[in-house]
1. Hey, could you grab the Kirkwood Rh for the stretch 44-131? Inverse mean 1/r over distinct alpha carbon pairs, Å, one decimal.
2. Taking only C-alpha pairs under 8 Å that are 6+ residues apart, what is the relative contact order of the stretch 4-254 in percent?
3. Relative to the Cα centre, what is the charge dipole magnitude of the stretch 142-241, using +1 at the beta carbon of each Lys and Arg, -1 at the beta carbon of each Asp and Glu, and rounding to the nearest 20 debye?
4. For the stretch 1-30, list residues with backbone N below 18 Å from a point placed 7 Å from the Cα of Glu42 toward its Cβ?
5. Grab the beta carbon distance between Asn49 and Ala236, set R0 = 30 Å, and tell me the FRET efficiency rounded to 0.05.
6. If you stretched the chain out fully between Leu145 and Ala24, how much longer would it get, using 0.36 nm times the residue separation minus the C-alpha to C-alpha distance?
7. Over the chain, what lengths in whole Å, largest first, do the semi-axes of the equivalent ellipsoid take, defined as the square roots of 5 times the eigenvalues of the alpha-carbon gyration tensor?
8. If you restrict to DSSP beta bridges whose two residues both lie in the stretch 4-254, what percentage is antiparallel, to the nearest 5?
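No value in this document is a laboratory result; all are computed from the given coordinates. Every value quoted in this text rests on a predicted model; they were computed, and no experiment measured them. All Cβ positions, even for glycine, are placed from backbone atoms using ideal geometry, and neighbour counts span all protein chains on display.
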Amino acid sequence: MTSRILVTGAAGRVGSVVVAGLLAAGRVVRATDLVPVDPGCEFARADLNDAESCARLCGGVDTIVHLAGHPNSRDWTMLERANTAPTRTLFEAAGAAGARRIVYASSVHVVGFEPADVRLHDAMAYRPSGPYGVSKIAGEMLLRLACDCYGLSGIALRICSFRPAPTLARELRTWLSPVDMQRLALAAVDAPMDGFRTVWGLSNNARADVDRGGWAAIGYLPTDDAENYRASLAAAGVDTGIVSEWPRLGGAFAEAPPRP
């Protein structure tokens, strides 16, 4: 059980779901975003690129769940400003403040140039599907550095296809439901572990080819299965007999080269 939990990006698609889950579990949440969030939270507006703002955010916080950032952009400058730089500033502030744990929202795109049918496991070499994947790799490396420098523990959640329901054949393998996202975040917050590790963020899909060792290590027990949507997807014209609509794990983001 933890004390105060800081959630960045708390008003976003993932953040709002995670905050709701933490509050339902009785946790004390300090939330930050560009807009106000759930009234059950302690809300603090802050610039994550500013060291003093991050220091104030991290004061009196046991755990940071870092979800803020620009999602799925292919713009290098945007990603450096919105993803990489604030992640470094926040992690340094968390370490200086004596935080116990950082949970970081990484992405499947850190290995998005792998084939669509690849088995997911913790020892995969980085193979990003574009600039967004590179920014998430940078975040994982910054987290590992924070663990080494400050003695805190860190979990990088490699979130796959977070949706209310799967919409594509690809997502019959990679779907992560909102309820399982809540379970994953809570398990990562509470896991009795030291050091750094990665954990794959997807539901208990029958088609998922994933090493579940990371799930066991943090006590993550997903229950939703994308296969329950197969019939409705097929009825809507989705070819559910294929692995993916794209040849690579990162989908459309692994199709075209990034802009210079």
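1. Numbers: mean 1/r = 0.0689 Å⁻¹.
14.5 Å is the Kirkwood radius here.
2. Numbers: 558 pairs, mean separation 46.8, N = 251.
Relative CO of the stretch 4-254 lands at 19 percent.
3. On the way: 10 positive and 11 negative charges, 31 e Å.
With only Lys, Arg, Asp and Glu charged at Cβ, the dipole is about 140 debye.
4. Hits in the stretch 1-30 for Glu42 at 18 Å: 1-11, 19-20, 22-30.
5. Working: r = 42 Å, r/R0 = 1.41.
After rounding, the FRET efficiency stands at 0.10.
6. Working: separation 121, 0.36 × 121 = 43.56 nm, distance 3.21 nm.
Stretched fully, the Leu145-Ala24 segment lengthens by 40.4 nm.
7. Numbers: eigenvalues 171, 82, 58 Å².
So the equivalent ellipsoid measures 29, 20, 17 Å along its semi-axes.
8. On the way: 1 of 32 bridges.
In the stretch 4-254, approximately 5 percent of DSSP beta bridges are antiparallel ones.
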